[in-house]
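Visitor: Have a look at this one.
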Amino acid sequence: MDMVDVSNNNGYMSAAEYVSMRNEFGVKAVTVKISEGGTYKDPYAASNIANVQAAGLYVNGYHFARYATKAQAIAEADFAGQTAKAAGLPVGAVLATDVESQEANNQSKATNDRNNAAFMKEIQKFGYRADVYTSGSWANNKMTIKGKTGWIAAYPYVVSGKNWYSSNHAWQWSSTAKFRISYGGFDVSQLNSDYYTAGQKSKVKPTNKAAVKANNQKANKNTSKLVASAKWVKETKTYTLKTAVKLHTGASTSSSVITTLPAGTTVKTDQAIIQGGYRWARQPRFNGYGYLATGPASNTLEYVKSGATHTYYTVKYGDSWWTIAQRNGLSMTTLASQNGKSIYTTIYPGQRLVVR
């Protein structure tokens, strides 16, 4: 499992998660989605590039192509190159053109070769090395891939008699790989040359394992202290951040900051609490938890903490005994019973129920 490619589809990826890929699964390089077409910039490109480098991995980029003409190919290469520069992709890295959409357009081999050549020539003006990503069948029939060139996705690896296992720069053998980290379902490739692990002017140093371990232990220790003094309620939610938000090691603004999540980040949470004037949500991570404030305590709360004994939930329109019980890890009978009611009792919006 030499190379993994990531995009906004995988959500925010921390440096620690890339360290796990490197240490536990032998990943050497990560190829980051930079852009698409002539206007889309992947919101995670900059954080992915920085965190991949911090983890001591080689970093490259790719552009999801939408061009159908030579002029469009050049324009998209200029857009991709400028976006990659702004996101911090180092000079000497590969910036490949991903031509999946061309398959749907059913363009001729001559047209594809012309457009891809134009993109790859233009991208080199930004100091990046060029390559083309496509499927095995498309590489056989709709473009020219000679010798050890190209990054080919082929399942099985022999397509129309062509062995893509070892005859090109990289062979993508799966698009559903799972790691012990969030947002699973990754494209993974075998490297058949050093094309994706060479050419970068500044080589990054591997992350110090002892330092990573010490930081994680410190974060977990601080988190344990905070959690021990507070009561949490179950929450299974997916947030899409409207603005950049700091992710902390605990539910306090004074706790250490793990990272700053950019606007557009998707965050999945499992618990929530009202504490210190804010409503906090907890994000499960592969090495512990992260905590983010979803807003002030008075802002659109679902859960209301009252006293030291119980936690209450305010019924909303559309709620039922079943939905509230499922959300809080209870059976309907238990939920109704602890509120002095039965599951046949009608509940109304605005009514408060004990959930803890």
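Visitor: With θ taken as phi - 60° and the coefficients 6.51, -1.76 and 1.60, list the Karplus ³J(HN,Hα) couplings across the stretch 8-22 in order, rounded to whole Hz; mark glycine and proline as x.
Guide: For the stretch 8-22, the Karplus-derived couplings read 4, 5, 8, x, 6, 10, 7, 4, 5, 5, 6, 4, 4, 4, 5 Hz, x marking Gly and Pro.
Visitor: On full extension of the chain, what length is gained from SER137 through SER101, given 0.36 nm per residue of separation minus the C-alpha to C-alpha distance?
Guide: The SER137-SER101 span can extend by a further 11.6 nm.
Visitor: Collect residues whose amide H, placed 1.01 Å from N in the peptide plane, falls under 5 Å from the amide H of ILE258; neighbours closer than 5 in sequence don't count.
Guide: LEU247, HIS248, THR249
Visitor: Shifting gears a bit: Quick one: which residues, 5 or more positions from ARG285 or on another chain, have an amide H under 5 Å from its amide H? H modelled 1.01 Å from N in the peptide plane, none for Pro or chain starts.
Guide: Result for ARG285 returns GLY290.
Visitor: Once phi is turned into θ = phi - 60°, what whole-Hz ³J(HN,Hα) does the Karplus curve with 6.51, -1.76 and 1.60 give for every residue of the stretch 336-342, x standing for Gly and Pro?
Guide: 5, 4, 6, 10, x, 9, 10
Visitor: What whole number of Å gives the distance from the Cα centroid of the stretch 243-266 to the Cα centroid of the stretch 1-48?
Guide: 19 Å
Visitor: Suppose R0 equals 56 Å. What FRET efficiency, 1/(1 + (r/R0)^6) with r the Cβ-Cβ distance, do THR333 and SER175 give to the nearest 0.05?
Guide: Computed FRET efficiency for THR333 and SER175 comes out at 0.80.
Visitor: Near the amide H of GLY150, under 5 Å away, which other amide H atoms are found, from residues 5 or more places off or on another chain, if H is placed in the peptide plane?
Guide: VAL132, HIS169
Visitor: Suppose all protein chains stay in the model; what accessible area per residue would a 1.4 Å probe give for the stretch 52-137, in Å²?
Guide: With the other protein chains kept in place, the stretch 52-137 gives 36 Å² per residue.
Visitor: Sticking with this structure for a sec: Can you list the HN-Hα couplings for the stretch 60-70, worked out from phi with the Karplus curve (6.51, -1.76, 1.60; θ = phi - 60°), rounded to whole Hz and with x for Gly and Pro?
Guide: Each residue's phi maps through the Karplus curve to give 9, x, 9, 10, 7, 7, 10, 5, 10, 10, 5 Hz.
Visitor: Counting only protein heavy atoms and a 1.4 Å probe, tell me what percentage of the stretch 1-140's accessible area is made up of carbon and sulfur.
Guide: Whole-percent figure for carbon plus sulfur exposure: 51.
Visitor: Still on this model: Aspartates and glutamates near LYS148 by alpha-carbon distance under 16 Å, same-chain residues fewer than 8 away left out - which ones?
Guide: ASP131, ASP194
The values are calculated or read from the model by the stated rules, or taken from the named source; none is laboratory data. Quick caveat, the model's predicted, so the values are computed rather than measured. We place every Cβ from the backbone using ideal geometry, glycine too, and count neighbours over all the protein chains shown. With ligands, DNA and RNA removed, areas are computed over all heavy atoms of the protein, side chains included. Shrake-Rupley method; radii C 1.70, N 1.55, O 1.52, S 1.80 Å.
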